[in-house]
Amino acid sequence: MKHLRFIIPSALFAVALLILASCNTHPAAPRTKAGFWERELGAVANAPLNPADAQKALNLKVNLIPEGKYGRRLFREMKPRYITIHSTQNPTGDAYAHAKALNRGALRGGVCGYLCWHFTVQEDTVIQHIPTSERGEHADFDGPGNRYSIGIEMCEHKGNDQLATLERTAKLAASLMYHHQIPVENIRAHYHWPRKGYSTPNKDCPHFLLENGQPGETWRWFVGRINRHYTRLVQFDEAVRQQKQQEEEARRRKQMVQWIWTRMGDLIGLG
Ligand SMILES: [Zn+2]
């Protein structure tokens, strides 16, 4: 009995220590898809980023549909106000395959007879298909999604890293927000643009960012991530502005000191 009286409290104490230690070293596993992805990707750095460097890091390849052909058969100017996110739901085609298909008019549909969108993103590359100053055919026929938004397709082919694709898409969207002054509330899922005449007007697209076919927590996380990338670009401009202001103040101070010296020299000279 004497032994037990000693062993039981000691064992309880050891268990309590173990629980405490595990609490300290292993944070709770994320319970949601967004939480898991955020952990896998790591936090977006809270530091200014030169927009030119951000643009370079996208690995953007411009491979436009021939002017006046297929998706660009009609010249339709656009001043982009929104960014629309899609996913290809194509398990075999990478970004290059989609560029090829668009460039030979293989994807029929839309108002002009051919589908087209602005960018396709895969894990390591972005390919541009039409200028951001021209409208695409990717969302809602003659609706605002097509008339005013830049369309981005995320690849889903086998072997493509989904998280790397998501992150590259977030950075591309951030860069487009910055260059076209598009506010974060104008980042839209294809879902947000109803297709007139369809029994299911709001498409389940991009499906892996939606919950039960609707934008929810995962979509909000993704938009938040885009916004954090965008903030870095704006922070850079602010840092440059502050530096210029400091340089200007230093220049004025120097001028003032020089002026005082000259005046004093004049006075002494006069005396
Ligand atoms: Zn779509």
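No lab work stands behind these numbers, since they all come straight from the coordinates. Bear in mind that the values here come from a model prediction, so they are computed numbers and not experimental data. Backbone-built Cβ (ideal geometry, glycine too); neighbour counts: all protein chains shown.
Tell me, what does the Kirkwood hydrodynamic radius of the stretch 30-255 come to in angstroms if you use every pair of distinct C-alpha atoms?
Final number for the Kirkwood radius of the stretch 30-255 is 18.5 Å.
Can you count the Lys pairs in the chain with C-alpha separation below 19 Å, eight or more apart or on different chains?
6
GNM, the chain, Cα, under 10 Å: largest mean-square fluctuation among Val184, Val111, Val257?
Val257
Which distance in nm do the two modelled labels at Ala250 and Arg108 give, with both placed 7 Å along the Cα-to-Cβ direction?
6.6 nm
State which helices in the chain qualify, where a helix is a whole DSSP H run, it must extend 20 Å or more along its own axis by its Cα atoms, and its mean Kyte-Doolittle hydropathy must be at least 0.5.
Length and hydropathy pass: 2-25.
Which value in deg cm²/dmol, rounded to the nearest 500, describes the helix-derived mean residue ellipticity at 222 nm for the chain, given -39,500 (n - 2.57) per DSSP H run of n ≥ 4 and division by the residue count?
Helix contribution divided over all residues of the chain: -16000 deg cm²/dmol.
Looking only at Gln235, Gln258, Gln128, which one moves most when the chain is put into a Gaussian network model with springs between Cα atoms under 10 Å?
Gln258
State the Cα centre-to-centre distance between the stretch 179-198 and the stretch 219-271 in whole Å.
Value for the Cα centre distance between the two parts: 39 Å.
Amide H of Lys61: which non-local residues (sequence gap of 5 or more, or other chain) have their own amide H closer than 5 Å, using H built in the peptide plane?
Residues meeting the criterion, in which the H sits 1.01 Å from N, are Val126, Ile127, Gln128.
Once amide H atoms are placed 1.01 Å from N in the peptide plane, what residues at a sequence separation of 5 or more from Val111, or on another chain, have their amide H within under 5 Å of its amide H?
Under 5 Å from the amide H of Val111 lies no amide H from a residue far enough along the sequence or on another chain.
Restricting to DSSP loop positions (anything but H, G, I, E, B) with no more than 11 other Cβ atoms inside 10 Å of their own Cβ, which chymotrypsin sites (Phe, Trp or Tyr not before Pro) remain in the stretch 110-203?
Tyr198
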